[in-house]
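Working notes, structure below.
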Amino acid sequence: MKFITKIILALTIFSQVQAQTLKGNKEDINQIIENTKEFSRYVMASDYKMIASSYTEDAKIFPNNTIILEGEDIIKYWTLPKGISTSFHKITQTEITVVEDTAYDYGYYEGKTKQKDGQISSWQGKYVIVWKKVKGNWKMHLDIWNNI
């Protein structure tokens, strides 16, 4: 195996066995965990309407190697070209902290994209999400990530 592949594998294994730190109201934490799982399902289903509903109205995203995106640009970012799909998407939270109507979590993400020619590419990285409670539901407000 290449050296970088070994490092990525080690980081993935470490992130999966690392203990999770949860601070705050248990119901809020459980809703954030469930909303995160739903977001991954929306990404894999290319359900752009539900991806959009996962964010606050004034949300910002900070994708790797690009400017800060907001509004309709968030959906444009998540919209894949025809023939390309996300076959796997998973977020592994290392820590979730809830303080009143704001929360943050950070950890690692991983996924697989199926290209038009059928080839599968894998990717992974680290992220931080700031959540806001909007009308009783936790939504992503600031979402930043970059590749490992």
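The values are calculated or read from the model by the stated rules, or taken from the named source; none is laboratory data. What you see is a predicted model, and the numbers here were worked out from it, not measured in a lab. Glycine gets a Cβ as well: all are built from the backbone with ideal geometry, and neighbour counts include every protein chain shown. The area values use the complete protein model at the heavy-atom level, side chains included, leaving out ligands, DNA and RNA. Shrake-Rupley method; radii C 1.70, N 1.55, O 1.52, S 1.80 Å.
Out of 52, 59, report the one residue that is of a type outside the set (Val, Ile, Thr), part of a helix (DSSP H, G or I) and open to solvent by less than 50 Å² (accessible area, probe 1.4 Å).
On the way: 59 fails: part of a helix (DSSP H, G or I).
Just one listed residue meets the conditions, 52.
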Options 99, 128; residue that is within 16 Å of residue 61 (Cα to Cα) and of a type in the set (A, V, I, L, M): 128
Mind checking which residues of the stretch 62-74 are open to solvent by 40 Å² or more (accessible area, probe 1.4 Å) and either over 13 Å from the mean Cα position of the chain (by Cα) or free of Cβ contacts under 8 Å to residues at least 40 places away in the same chain (or both)? 65, 66, 67, 68, 70, 71, 72, 73
When residues of the stretch 75-99 are filtered for being out of contact with any strand residue (DSSP E or B) (no Cβ under 6 Å at 6 or more places or on another chain), touching a residue at least 40 places away in the same chain (Cβ under 8 Å) and crowded, with 16+ Cβ neighbours inside 10 Å, how many remain? 1
Residue list for the stretch 123-148, filter: more than 20 Å from residue 52 (Cβ to Cβ) and free of Cβ contacts under 8 Å to residues at least 24 places away in the same chain: 126
For the stretch 12-22, state whether one or more residues are of a type outside the set (D, E, K, R), surrounded by 13 or more Cβ atoms within 10 Å (Cβ to Cβ), under 18 Å from the mean Cα position of the chain (by Cα) and modelled with pLDDT of 90 or more. no
